[in-house]
């Protein structure tokens, strides 16, 4: 008698994978190479391609909001444990609605793609850059001291302002970007939403302060002493004033 597990197996040749295959090829996968794979490897390759697509913004190729927020969660966990610094920058293209209204949405898309490429040249491979939504971009910079964070934010602002963007054969646009930033709170458990809200508040100040500028929240002072670290992360009974646990009684443990 066949087992339940065996009877639930699916023949991969019966799966309807046309849409998945088309999406993978549109994203850059080699059509002929995919079709030449054995069935199981073919399905696994499609799964890998679709997983990659689910984490990308389709217009710019940057990380999408879903993936970016998962990275923020991981980074906040690291900072709360290690006390190291990390900076979140939120960036918004100035007067983007005017571009769409004056030149059309195709031109607007070209601006978004060009800005994404410019931003990618301004950050490190270890940083995570994303299109957060609409004309807003975001980047998280791990292990980022305040002097370096300010330098990166200014580098981004200048690079965008100094790079003309061609939207047609006869039209170049000069645009600017506003940048707001906030550091993660070291040694403190928080949430991505609160971190984003703090960075967004600085972005609002940059916008209301004239645009094409950078505003970064002062780095929080959450210095933790060696004694506090011991209480937070050390063994629960050592150096705590409660003494050591009594040794297990060999007779009672037998």
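Among rounded, prolate and oblate, which fits region 65-224 when a ≥ b ≥ c are the square roots of the eigenvalues of its C-alpha gyration tensor, a/c under 1.5 means rounded, and a/b larger than b/c means prolate? Please list the in-between numbers first.
Numbers: a/c = 2.22, a/b = 2.07, b/c = 1.07.
The shape class here is prolate.
Show me 75-87, 158-170, 207-219 ranked by packing, highest mean number of other Cβ atoms within 10 Å first. Intermediate values should be presented prior to the final figure.
Working: 75-87: 17.9, 158-170: 13.5, 207-219: 15.8.
Top to bottom by mean Cβ count within 10 Å: 75-87, 207-219, 158-170.
With the cut-off at under 19 Å, measuring from each backbone N in region 90-111 to a point 7 Å along the Cα-to-Cβ line of residue 208 picks out 90-95.
The alpha carbon gyration tensor of region 24-154 gives principal lengths a ≥ b ≥ c with a/c of 1.5 or higher and a/b no greater than b/c, which makes the shape oblate. Given their separation in residues at 0.36 nm each and the Cα-Cα distance between them, residue 106 and residue 16 gain 29.0 nm when the chain is fully extended.
Taking the mean number of other Cβ atoms within 10 Å as a proxy for protection, how do you rank 176-189, 55-68 from highest to lowest? Don't skip to the answer; put the middle values down first.
Working: 176-189: 21.4, 55-68: 17.1.
Going by the mean number of other Cβ atoms within 10 Å, highest first, we get 176-189, 55-68.
Taking 0.36 nm per residue of sequence separation and subtracting the Cα-Cα distance, how much length would be gained by fully extending the chain between residue 35 and residue 194, in nm to one decimal?
Working: separation 159, 0.36 × 159 = 57.24 nm, distance 4.64 nm.
Extra length from residue 35 to residue 194 when fully extended: 52.6 nm.
Please give the residues of region 130-150, grouped as numeric ranges, whose backbone N is less than 15 Å from a label point set 7 Å along the Cα-to-Cβ vector of residue 84. Label zone hits: 140-146, 149.
With a simple spin-label model that places each label point 7 Å from the Cα along the Cα-to-Cβ direction, the separation between residue 150 and residue 97 comes to 3.3 nm.
FYI, it's all coordinate maths here, none of it is from the lab. What you see is a predicted model; the values in this text were computed from it and never measured. Glycine also receives a Cβ, built like all others from the backbone with ideal geometry; neighbour counts cover every protein chain displayed.
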